[in-house]
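Some notes on the structure that comes next.
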Amino acid sequence: MGYCSPTCQKAGWPGHKKECKRIVRAVAAEKARFLEEPRRKYEEAAAFAVEECRARIPEGAVCYACNKGGDLVRGCSCRGPSAGICHLACLLNFAEAQICDEDYGKALQECRQCQQFFDGAVRLALARARWLHFADRPETDEWRFQARLDLGMYLDFLRAYDAEAEAVLAECVEAGHRVWGHTVTFTINAERCFAVHLSKKGRPEQERALDILTRIYKLYAESFGPEHNDTLYVLGDLAVTHRRLGNYVKEEELYRKELAAWRRTKGENNMRTMESRYFLVSCLLVQDKFDAARAEYAGLLPLAERVLGPEHRLVHDLRQPHWQAALSP
């Protein structure tokens, strides 16, 4: 609001003061309404995480951050009966103490003890907490966008939240195109995640996903190089999509290409390399190539147990009974 003079401004202040207060209250009320759903979903996810973890928390265990008991969780691959046990509130407090947005997000994605990603119900609760933290920022805020996209990715991974995952990922694609344009990395990453979601649906959606991922792979290979991390992630997504379309020969070709690149760039002890070996073994088993599967599987389980820990998700996958039966000599 503009005034013609200081005298006029002073004369208008009593009415302007009331209007300002009304606007501030209205903005605060709108913000509170907007955050109601993210807050409710975080609280539900937090309660679910506590219940999911209860059976794995030893009697008398305490939080490694505050040294108190109560509603504890453990969603990482820490070794030892009591390592990695914490309150969700303590994990959030640690994140809030970080100086920058990047460190805040990292604190809610990785365990600060074992330095590995949180998993399961704990990861979902923390992803919802991260979205709640950034949700009321402008659409142009990159950390808000990334928090929303990461939530959609993990909802999609869990497969139990299909409708919400699709809505969140579609929202990210639309926002990316509208706010940043179709050639910016934010938008391309959102398209990639949405394509992965589509690949789990019927054949028309899977073929659409294949087209999207093929375009992104070519773009990344040209822009970043064929062995850049992001390029290899998309290569893995392409392999999975070919499997869902029944193209097992192409799937094997892509996984062998991905695995060779991870071995060159990360080495045998890296999780990406071990994960790629796991996917290749799975692909070989589908094709009844048992000898080749056994050769690739040899030594993988003990290596994963040693490097990642016995509670890691990949280790649990490698211990599947039907795998053990199929791969036994």
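The values are calculated or read from the model by the stated rules, or taken from the named source; none is laboratory data. All of these numbers come straight from a predicted model, not from anything done at the bench. As a convention, Cβ positions derive from the backbone with ideal geometry for all residues, glycine included, and neighbour counts pool all protein chains shown. When the accessible area is computed, the model is the full protein with side chains, heavy atoms only, and any ligands, DNA or RNA have been set aside. Shrake-Rupley method; radii C 1.70, N 1.55, O 1.52, S 1.80 Å.
With a 1.4 Å probe and all protein chains left in place, how much of the accessible area of the chain comes from carbon and sulfur atoms, in whole percent?
On the way: 9290 of 17270 Å².
Accessible surface attributable to carbon and sulfur in the chain totals 54 percent.
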Checked against the positive end of the charge dipole of segment 111-221 (+1 on Cβ of Lys and Arg, -1 on Cβ of Asp and Glu, about the Cα centre), the farthest of Phe117, Ala175, Ile188 is Phe117
Over segment 84-240, with neighbouring protein chains present, the accessible area per residue in Å² at probe 1.4 Å is 44
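Report the local net charge at Ala293: Lys and Arg +1, Asp and Glu -1, summed over other residues whose C-beta lies under 15 Å from its C-beta. Intermediate values should be presented prior to the final figure.
Details: positive: Arg243, Arg256, Arg277, Lys289, Arg294; negative: Glu251, Glu252, Asp288, Asp291, Glu296, Asp317.
That sum, taken over residues with Cβ under 15 Å, equals -1.
For segment 227-329, go through all pairs of different Cα atoms, get the mean of 1/r, take its inverse, and jot down that Kirkwood value in Å.
Computed over segment 227-329, the radius equals 13.8 Å.
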Measure of exposure for Ser199: accessible area at 1.4 Å probe, Å² rounded to 10, is 0
Between the modelled labels at Glu268 and Arg178 (7 Å from Cα along Cα→Cβ) the distance in nm is 5.1
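When the Kirkwood radius is taken over all Cα pairs of segment 63-136, what Stokes-Einstein diffusion coefficient follows at 25 °C and 0.890 mPa s, in µm²/s?
After rounding, the answer is 198 µm²/s.
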Sorted list, accessible surface of protein heavy atoms, 1.4 Å probe, largest first, for Glu166, Glu59 is Glu59, Glu166
Calculated from DSSP helices alone, with each H run of at least 4 adding -39500 (n - 2.57) and the total divided by the residues of the chain, [θ]222 nm to the nearest 500 comes to -23000 deg cm²/dmol
